[in-house]
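Written out below as structure tokens is the structure these notes cover.
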Amino acid sequence: MMFMQALSKLSEARISFKSSLILSRELKGLKMDRAKQFLDDLINQKASVDGKYYTTVAKSFLQVLKSAEANARQKNLDTEKLFVKIAKTDKTRKFVRPKSRFKFRGREAKIANIEIVLEER
């Protein structure tokens with residue numbers, strides 16, 4: 001049986017790689033509605049992961065999740081049956097901050113790639 005999937009990516013997001021790894025592990029396997037609720041709770045600081053809220057990372061993940069949901073609707077998938085099959089974070093190129101800002105001159109910025117795949121179960 002062929003499973004239908006919807007994919008969404010965010011390249012070079014200005015978020016911590018470590019934090020996004022932690023969140024991607026939490027999201028994997030959740031139903032889409034539950035994943036959206038979990039990310040909303042993190043942003044509003046109603047839920048936490050190991051005592052941290054990861055609000056910036058959660059906002060980026062929510063943006064990608066909503067995009068994947070829109071892609072699923074476009075493919076005529078049943079949004080009630082969708083779950084997060086893959087929530088992946090990758091390191092990306094080195095991003096060194098510009099020399100114009102004295103305080104941050106030459107520092108490496110936090111940057112990561114996010115990918116979410118939704119599948120109909």
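Highest mean first, the peptides 31-37, 81-87, 112-118 sorted by other C-beta atoms within 10 Å per residue fall in the order 112-118, 81-87, 31-37.
Take every DSSP beta bridge whose two residues both sit in the chain; close to 100 percent of them are antiparallel.
For a straight C-alpha distance cut-off of 28 angstrom, the lysines reachable from Lys46 (same-chain residues fewer than eight places away being disregarded) are Lys9, Lys18, Lys28, Lys31, Lys36, Lys59, Lys66, Lys81, Lys85, Lys88, Lys110.
Projected label points at Thr79 and Leu7, each 7 Å from Cα along the beta carbon direction, are separated by 2.3 nanometres. Between Asp41 and Val96, the C-beta separation translates, for a Förster distance of 30 Å, into a calculated FRET efficiency of about 0.30.
With the biggest extent put first, the Cα atoms of the chain measure 55, 29, 19 Å across the principal axes.
Taken together, the values in this text are just the output of simple stated rules run on the coordinates, not laboratory data. All values derive from a computational prediction rather than experimental measurement. As a convention, Cβ positions derive from the backbone with ideal geometry for all residues, glycine included, and neighbour counts pool all protein chains shown.
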